[in-house]
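Beneath this line is the structure, given in structure tokens, with notes to follow.
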2 protein chains.
Amino acid sequence: MIDERMEKDEVQFDEERLVSLLENGATDEFHNEYLNLHPYDQAQFYEKVGPDIRSIIYQYLSPKEMSTVFEALELDDENYEPFIDEMDSSYAAQMISEMYTDDAVDVLNELDKDKISHFLKIMDKESAEDIRDLLYYEEHTAGSIMTTEYVAIPENSTVRSAMTIMRNAAPDAETIYYIFVVDDQNHLVGVISLRDLIIASEDTLIHDFMNERVVSVLVTDDQEDVAHIMKDYNFLAVPVINSKQEMLGIITVDDIIDVIDEEASEDYSKLAGVADMDTFDSNPLIAAKKRLPWLVVLLILGMITANLVDLFTGTLEKVALLAAFIPLIGGTSGNSGTQALAVAVRGIATGDVTGVNKFKLLIREALTGIVMGLVCGAVAFIIVYMWKSEMLLGLLVAVAIACSICVATIAGSFIPLLMHRLKIDPAVASGPFITTLNDITSILIYLGIATLFIEKLM
Amino acid sequence: MIDERMEKDEVQFDEERLVSLLENGATDEFHNEYLNLHPYDQAQFYEKVGPDIRSIIYQYLSPKEMSTVFEALELDDENYEPFIDEMDSSYAAQMISEMYTDDAVDVLNELDKDKISHFLKIMDKESAEDIRDLLYYEEHTAGSIMTTEYVAIPENSTVRSAMTIMRNAAPDAETIYYIFVVDDQNHLVGVISLRDLIIASEDTLIHDFMNERVVSVLVTDDQEDVAHIMKDYNFLAVPVINSKQEMLGIITVDDIIDVIDEEASEDYSKLAGVADMDTFDSNPLIAAKKRLPWLVVLLILGMITANLVDLFTGTLEKVALLAAFIPLIGGTSGNSGTQALAVAVRGIATGDVTGVNKFKLLIREALTGIVMGLVCGAVAFIIVYMWKSEMLLGLLVAVAIACSICVATIAGSFIPLLMHRLKIDPAVASGPFITTLNDITSILIYLGIATLFIEKLM
């Protein structure tokens with residue numbers, strides 16, 4: 001929920017003191033100190049102390065007070081289950097029912113189906129119904145991140161009646177800063193901001209000054225598209241509707257910040273070929289498990305390079321020095337391929353690259369590759385000549401580097417664009433995948449040209 | 001500014017129609033249609049039409065109307081200057097003075113000092129002063145992204161007087177949803193939310209229900225730290241103070257979203273070794289210029305690999321097949337190094353890795369490297385044996401891969417941690433840099449071991 005209190009207690013809470021209050025049964029003192037902390041700090045404390053101390057906390061806090069803490073819990077792998085298991089089911093169920101619906105759904109989605117049904121059965125019917133509505137939206141859609149605690153007023157309201165509705169809804173609504181206007185069939189027909197509401201005089205009809213053309217998102221829209229809209233239009237919240245224009249919920253800016261962060265982390269992981277970004281405190285086996293799949297696949301793919309070099313054994317035996325430049329050519333072209341990949345993937349992710357722009361990007365990348373190939377080729381020639389005084393060898397390395405860089409740059413942008421076209425997440429074309437491909441093509445180019453001119457090189 | 005209107009006209013504006021209205025001198029009609037668009041869409045239109053059409057727009061829109069458009073302009077390289085140059089200086093100066101101060105500062109910072117002084121001289125004194133205060137804050141600090149249009153009330157106010165102040169300030173304030181409380185020396189002493197204000201009864205003293213422990217940031221804090229705070233505490237805005245606790249400005253959540261995006265883009269670029277993320281429409285020479293520096297540096301560094309392989313010519317001449325595995329071993333260890341790098345850099349950026357955690361991360365990475373080394377070594381052995389039926393060669397490749405992966409993984413996390421310690425931005429240790437280092441170490445390990453056992457391999 002958007003924090004509208006801006007309240008924060010001690011910059012660092014005194015963990016030892018709080019723990020001793022708990023252990024000594026000083027209920028009132030603990031209540032005073034702990035509940036005065038910002039929920040974020042309450043959650044930090046809750047997470048840090050062990051299960052033993054937490055079992056005392058469950059006795060001291062009501063389910064509603066506990067729900068505030070739980071909502072602020074930010075677990076990297078969303079592993080709520082161990083905490084839920086520490087509680088009595090009825091305590092847990094009631095706590096979940098007191099949470100904002102989107103947060104309740106996040107927690108329940110981590111439990112197995114039996115537990116979910118059980119909790120939904122024992123909690124109050126109204127909360128259970130609100131939660132059920134949201135539970136089955138597909139991950140990463142607007143429906144899966146929206147919440148149902150918004151303020152809606154009928155379109156024939158006056159400012160006075162709207163203020164009353166708003167004041168009543170205030171304690172439970174995620175935000176009261178946008179007030180949505182609906183008709184008698186719950187269709188979204190307009191919106192007013194709290195700012196406009198307070199400034200207007202009490203008898204004015206809402207209908208006269210509401211904004212009729214409301215930006216909204218479909219419940220099935222991808223969360224990344226919702227993030228773009230909120231970013232572009234600087235909204236605090238955006239309403240979510242279905243295809244019939246009926247209002248279903250809202251998504252607030254604080255949740256979108258988490259989405260933006262999550263998506264950035266995912267893209268970053270994929271560029272590095274990590275399946276799912278580790279947290280620093282996972283044990284090595286889990287970390288290895290996340291990275292091995294890609295690593296082994298690329299290892300097997302990399303065997304192709306060994307095969308290729310083996311094919312050219314004849315050439316290498318004649319001029320052994322040729323082998324020295326294999327890593328250099330592969331590495332440099334791999335680097336430029338990774339650069340091109342990053343630019344393309346980022347362009348697709350931010351929505352800058354679409355439609356006809358794709359073609360322009362490819363052309364631009366091809367030309368960039370040519371420019372870089374020429375420059376690097378020249379540098380390579382100079383260094384090789386200075387090192388070995390072999391003009392022909394220098395020329396070969398230069399040409400091979402120049403061609404490899406061109407190919408790598410084009411491939412580095414073409415492949416993600418192709419995948420985007422085939423509706424595959426372009427970030428899957430990871431950096432390591434591109435560099436492995438480049439190893440293969442650069443060896444072919446380099447040793448291929450060398451073989452053609454092998455007589456002259458000997 | 002936070003958008004509190006949530007108003008949006010046609011999903012796509014009719015560009016042709018608007019242009020023809022301009023060209024036919026239909027001032028009123030253009031005003032009606034254009035000014036009904038969301039500022040974001042107004043800016044999109046403004047950017048798309050050429051300088052000729054824009055020269056007509058400057059005649060149709062007042063500087064204040066133009067300022068709304070300019071604030072919503074999102075230029076990738078912040079190249080406001082061409083647009084400013086299209087206007088009369090007095091028109092431009094007045095427009096800038098009408099903009100929110102943080103946006104005005106963003107624009108002025110892109111112009112040369114003479115122009116800045118000139119504009120500041122000809123605009124009204126009050127705006128010029130507000131702008132001057134913000135102009136010289138160092139880039140990427142809280143001061144450089146804050147704005148001065150906030151609502152502050154004296155601590156001895158009543159709810160009634162606060163509401164009056166707030167209503168008066170509303171048209172110009174970036175946000176009225178947090179109202180800051182200051183003493184008579186402008187020290188920040190508390191905050192109340194608009195929600196709390198409306199619910200309270202009119203004679204209550206602000207002092208009685210304001211939140212005294214306000215989260216604030218120092219004007220010199222890094223923008224990334226501000227982003228973390230706003231993300232963690234779900235704030236809509238955060239006040240900025242100086243070391244004397246005097247209130248200087250606020251930073252709103254919409255600006256922080258841009259910061260988060262910017263920082264993510266930077267990290268992503270650096271992982272790929274791109275100096276500054278290209279936009280897809282830069283010309284090839286500019287794009288090449290951004291990528292070449294790193295590429296050439298790594299090319300020169302990569303010559304070390306050529307030197308090394310050359311040193312081992314004796315070994316390679318005896319068993320030519322050895323050369324075949326150089327790219328494979330270098331590539332696989334490079335991939336695992338990049339993975340480790342990504343995890344470490346991301347951990348440092350999100351603030352997860354600090355202090356003693358660094359050591360834990362290194363230990364964890366070392367162990368992860370050992371696990372992955374063993375698995376990949378085993379896979380490599382099997383494939384090499386299946387391919388060439390050479391058990392000793394297979395063993396050599398397996399051991400070399402295992403050791404290289406361990407070294408790469410440790411280096412991939414150690415180097416960014418070291419740089420972070422030395423106060424260098426760890427993201428500078430780019431992916432390409434790590435892979436080039438890994439090429440060097442893997443060749444040493446592989447050909448070194450091979451040379452030791454060369455007799456047995458022949």
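The values are calculated or read from the model by the stated rules, or taken from the named source; none is laboratory data. Treat the numbers as computed from the prediction; the structure is a model and nothing was measured. Cβ atoms come from the backbone with ideal geometry, glycine included; neighbour counts cover every protein chain shown. Heads up: the accessible areas ignore ligands, DNA and RNA and are worked out on the full protein's heavy atoms, side chains in. Shrake-Rupley method; radii C 1.70, N 1.55, O 1.52, S 1.80 Å.
Bridges between two residues of the protein assembly as shown, per DSSP, are antiparallel at a rate of about 75%. Within 10 Å of the Cβ of each residue in A:176-182, the mean number of Cβ atoms contributed by other protein chains is 3.
Indicate, rounded to the nearest 5 percent, the antiparallel portion of the DSSP beta bridges found entirely in chain B. It would help to have the intermediate numbers written out before the result.
Details: 15 of 20 bridges.
Beta bridges within chain B, antiparallel portion: roughly 75 percent.
Let me know the charge dipole size of the range A:152-267 about its Cα centre in debye, to the nearest 20, where only the beta-carbon of Lys, Arg (+1) and Asp, Glu (-1) is charged. Value, rounded to 20: 760 debye. The angle between the Cα long axis of helix B:223-233 and the longest principal axis of the Cα atoms of chain B comes to about 80 degrees, rounded to the nearest 10.
Using alpha carbons only, how many degrees (0 to 90, rounded to 10) separate the axis of helix A:391-421 from the longest principal axis of chain A? That works out to roughly 30 degrees. In the distance distribution for the range A:2-145, Cα-Cα pairs more than 19 Å apart total 52 percent. Relative to the Cα centre, the charge distribution of chain B, modelled as +1 at Lys and Arg Cβ and -1 at Asp and Glu Cβ, gives a dipole magnitude of about 3620 debye.
For the range A:2-145, the solvent-accessible area with a 1.4 angstrom probe is 49 square angstrom per residue.
Students often get this wrong, so check it: of A:K270/B:K423; A:K270/A:K290; A:K360/B:K270; A:K231/A:K423, which have C-alpha atoms separated by over 20 Å? In this structure, A:K270/B:K423; A:K360/B:K270; A:K231/A:K423 exceed 20 Å between Cα atoms. For the protein assembly as shown, the spread of Cα positions along the three principal axes, ordered from largest to smallest, is 96, 77, 55 Å.
Here the spin labels are modelled as points 7 Å beyond Cα on the Cα-Cβ line, and at A:N307 and A:E455 they lie 3.1 nm apart.
What the phi angles of the range B:294-307 give under the Karplus curve with 6.51, -1.76 and 1.60, with θ = phi - 60°, is a coupling list of 4, 4, 5, 4, 5, 4, 5, 4, x, 4, 4, 4, 4, 4 Hz, glycine and proline written as x. Using C-alpha pairs under 8 Å with a sequence gap of at least 6, the mean separation divided by the residue count of the range B:143-268 gives a relative contact order of 27 percent.
How much of the accessible area of the range B:152-267, probe 1.4 Å, is carbon plus sulfur, in whole percent? In the range B:152-267, the share of accessible area belonging to carbon and sulfur is 46 percent. Put simply, the amide H of A:G190, placed in the peptide plane, has neighbours under 5 Å in A:V181, leaving out anything fewer than 5 places away on its chain. A dipole drawn for the protein assembly as shown from +1 and -1 charges on Cβ atoms has a positive end, and of A:L321, B:Y136, A:G273 the residue lying farthest that way is A:L321.
Using a 1.4 angstrom probe on protein heavy atoms only, the contact between A and B buries about 11400 square angstrom of accessible area, both sides summed. Proximity of backbone amide H atoms, modeled 1.01 Å from N, is registered between B:T141 and B:Q223 at under 5 Å, excluding neighbours fewer than 5 places apart on the same chain.
Calculate how steeply helix B:63-72 sits against the longest principal axis of the alpha-carbon atoms of chain B, using the helix alpha-carbon long axis, and give the answer as 0 to 90 degrees to the nearest 10. The answer is roughly 20 degrees. Using +1 at the Cβ of each Lys and Arg and -1 at the Cβ of each Asp and Glu in chain B, identify which of B:A306, B:A227, B:P171 lies farthest towards the dipole's positive end. Positive-end residue among those listed: B:A306. Charge dipole (Cα centre; +1 on Lys/Arg Cβ, -1 on Asp/Glu Cβ; no other charges) of the range B:284-457 amounts to roughly 540 debye. Take the alpha carbon gyration tensor of the range B:187-247, find the square roots of its eigenvalues, order them as a ≥ b ≥ c, and report rounded if a/c is under 1.5; if not, report prolate when a/b exceeds b/c, else oblate. It comes out oblate by the Cα gyration axes.
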